[in-house]
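Below you'll find the structure, written out as structure tokens, and then a few comments.
The values are calculated or read from the model by the stated rules, or taken from the named source; none is laboratory data. Just so you know, these numbers come straight off a predicted model, no measurement behind them. Positions of Cβ are backbone-derived with ideal geometry, glycine not excepted, and every protein chain shown enters the neighbour counts. Note: areas computed on protein heavy atoms with side chains; ligands, DNA, RNA excluded. Shrake-Rupley method; radii C 1.70, N 1.55, O 1.52, S 1.80 Å.
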Amino acid sequence: MQLSKIKMTFIFALVLALSMTFTSAVYSDSKDGWKGYGLYNINASKVSIISEDVNVKLLNDRLAYNGEFLIRNQSNNVVKAVLGIPVQGIDKITLMEKNSVIKWKKRSFGSMQNEFAMENRVPKEEFWYVYNLTLNPGETKLLNLSLEAVQLQEEQGSYTFTYYNDRKLGFSNQVEKTSLYIDIADFQPYNILSVQGLDPALLGAKGDIVLKAALESTNTVSIKYMDVTKAALNRLQTSAMYKPREIALTFIGKNYSKASSLCDEYLKNPIDSGISQEEILFIKAESMRRLQNYDKYLAIVDAMDYSKLYPLELKNKIFMDKMTIYIEQRNNNKLLNLYDELEQEPSESTQILKAWIENSSIYGASMLNKSNLEEVVQREERAVEKEISELERWYNQAMEFKYTPIILFAAGLLLGLFLRISKSKKKRKKSMYIYRM
């Protein structure tokens, strides 16, 4: 009986261990963050990755990855391929072929090195998800790899997405043809801080990017992004003083009128030396903008010292919001001046915003182009000058008319007489109150 219990316990432990090792999804330690690795041919089998079609959705501190890989057995023999991807940052992963889930096994780099003598074929990451596949001679398989991963937070709350960064290192993840589709959730162009390996003009209206490349032209793609408004609010929420925290929480709660009033109160008595006046003014201005009080918004931001904002990239949000208001108001002169400001601002994030604006169908690339704007402003100025010249011409013609002085004298007499009669009538209409007993 005792022996039977021991056997049952052993079997249960074995089943539990196997269920944790072979499965379609995993919840693992993701403290290191995702590093943008692709699918590796671990055992150097006669399998080629013909094409890779990857979709990535960026969600600030997380990303969702879905990739289709077309692999082919290039030999005349049955091949047992061992494919894998490093664990780092991944907290859920699935590999499928047609409608079948391929089970994974978590292995250490050391154990794989001992078995396959990989010798620089893969990065030296400590743990891997490993998949075993069998392909017949000349057989092609379409694999779907989906995963969810953690993005590590960097300074001021920014995040960086990187892909293809390992393709030039001679590893076993080379792909003949590759395409990458990036979708940035809640996209705002002023939240993009820097890019590498792509033209900022490729950023779509909704934050979508499509890149296609062959093996020899594949370069690292990197996007650094940050929710600048959230970063500003987080700064206030971490204050040791109650008032800045109250302002942030009220704004987050969308009570913009109260948030504006709280900003006014704080500005009369600033109590946190670590928070600049501009940081509070930004919240007040943003409250006014969301209440559609654009005149008040513009008055605040036009008098603001952008160098004292936190984060500094908030200036790009202000540039874009001002531009939106000027377009709505059809104020081309101010649009042109703002465009000059964008050109003179040297920061990479501002130049990315400028490139996006120039190529955005939402903002009208044909209008938001400096040469076109200058032409529009010049046309408007010429129209005003023409109206003024027409008025001057009519005035000169009127003054040259020989009876003009008599007409002006008569008009003056009539106006004076009219004003006198009007004043007299008002006096007669005044009533008198008589007190009677």
Any idea which of (1) at pLDDT below 95; (2) open to solvent by less than 40 Å² (accessible area, probe 1.4 Å); (3) more than 22 Å from residue 175 (Cβ to Cβ) is the one residue 154 doesn't satisfy?
-> (2)
Can you pull out the residues in region 125-137 that are modelled with pLDDT of 95 or more and either under 31 Å from the mean Cα position of the chain (by Cα) or not in a strand (DSSP E or B) (or both)?
-> 136, 137
Do we have residue 73 as out of contact with any Leu (no Cβ under 7 Å at 6 or more places or on another chain), more than 20 Å from residue 179 (Cα to Cα) and crowded, with 18+ Cβ neighbours inside 10 Å here?
-> no
Scan region 59-93 residue by residue and report those that are part of a strand (DSSP E or B), in contact with a Ser or Thr (Cβ under 7 Å, 6 or more places away or on another chain) and closer than 30 Å to residue 226 by Cβ.
-> 65, 66, 90, 91
Just to be sure, is residue 309 out of contact with any Pro (no Cβ under 9 Å at 6 or more places or on another chain) and over 25 Å from residue 224 (Cβ atoms)?
-> no
Mind listing just one residue for me: the one in region 309-335 that is polar (S, T, N, Q) and either touching an Asp or Glu at 6+ places or on another chain (Cβ under 9 Å) or modelled with pLDDT of 95 or more (or both) and, of those, surrounded by the fewest Cβ atoms within 10 Å (Cβ to Cβ)?
-> 333
Picked from region 290-307 (must be under 22 Å from the mean Cα position of the chain (by Cα) and not β-branched (Val, Ile, Thr)), the residue surrounded by the fewest Cβ atoms within 10 Å (Cβ to Cβ) is 307
Are there any pairs, at least 6 apart or on different chains, whose C-beta atoms fall under 6 Å, with the first in region 79-100 and under 20 Å from residue 139 (Cα atoms) and the second outside any strand (DSSP E or B) and of a type in the set (A, V, I, L, M, F, W, C), and if so, which?
-> 82/42; 83/39; 84/42
Among (1) out of contact with any strand residue (DSSP E or B) (no Cβ under 6 Å at 6 or more places or on another chain); (2) closer than 14 Å to residue 132 by Cα; (3) of a type in the set (Ser, Thr, Tyr), residue 45 falls short only on (1)
Does at least one position in region 83-98 carry a residue that is over 28 Å from residue 32 (Cα atoms), surrounded by fewer than 22 Cβ atoms within 10 Å (Cβ to Cβ) and not small (Gly, Ala, Ser)?
-> yes
Would you point out which residue out of 243, 230 is touching a residue at least 60 places away in the same chain (Cβ under 8 Å), assigned to a helix (DSSP H, G or I) and either surrounded by 16 or more Cβ atoms within 10 Å (Cβ to Cβ) or not aromatic (Phe, Trp, Tyr) (or both)?
-> 230
Conditions (1) part of a strand (DSSP E or B); (2) open to solvent by less than 40 Å² (accessible area, probe 1.4 Å); (3) farther than 21 Å from residue 57 by Cβ; number of the one not met by residue 172 | (1)
Total residues in region 259-276, condition over 26 Å from the mean Cα position of the chain (by Cα), open to solvent by less than 60 Å² (accessible area, probe 1.4 Å) and hydrophobic (A, V, I, L, M, F, W, C) = 3
Output for region 336-361, where each listed residue is under 16 Å from residue 194 (Cα atoms), outside any helix (DSSP H, G or I) and open to solvent by 80 Å² or more (accessible area, probe 1.4 Å) = 346
Of the conditions (1) within 17 Å of residue 228 (Cβ to Cβ); (2) open to solvent by 30 Å² or more (accessible area, probe 1.4 Å); (3) not hydrophobic (A, V, I, L, M, F, W, C), residue 279 clears all except one; give me its number.
-> (2)
Has region 208-227 got any residue that is of a type in the set (Ser, Thr, Tyr) and more than 30 Å from residue 117 (Cα to Cα)?
-> yes
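Every residue, every condition in (1) in contact with a strand residue (DSSP E or B) (Cβ under 8 Å, 6 or more places away or on another chain); (2) open to solvent by less than 30 Å² (accessible area, probe 1.4 Å); (3) touching a residue at least 60 places away in the same chain (Cβ under 8 Å), yes or no:
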| site | (1), (2), (3) |
| --- | --- |
| 107 | yes, no, no |
| 110 | no, no, no |
| 120 | no, no, no |
| 124 | no, no, no |
| 128 | yes, yes, yes |
| 134 | yes, no, no |
| 143 | yes, yes, yes |
Taking residue 287 as meeting all but one of (1) in a helix (DSSP H, G or I); (2) of a type outside the set (Phe, Trp, Tyr); (3) in contact (Cβ under 8 Å) with a residue 40 or more places away in the chain; (4) open to solvent by less than 70 Å² (accessible area, probe 1.4 Å), write down the number of the exception.
-> (3)
Can you pull out the residues in region 31-45 that are open to solvent by 40 Å² or more (accessible area, probe 1.4 Å) and under 17 Å from residue 92 (Cβ atoms)?
-> 31, 32, 35
Matching residues in region 48-105 - criterion: being touching a strand residue (DSSP E or B) at 6+ places or on another chain (Cβ under 7 Å) and of a type in the set (Gly, Ala, Ser) | 48, 51, 64, 67, 81, 84, 89
Among the residues listed as 56, 122, the single one being in contact with a Gly (Cβ under 9 Å, 6 or more places away or on another chain) and modelled with pLDDT of 95 or more | 56
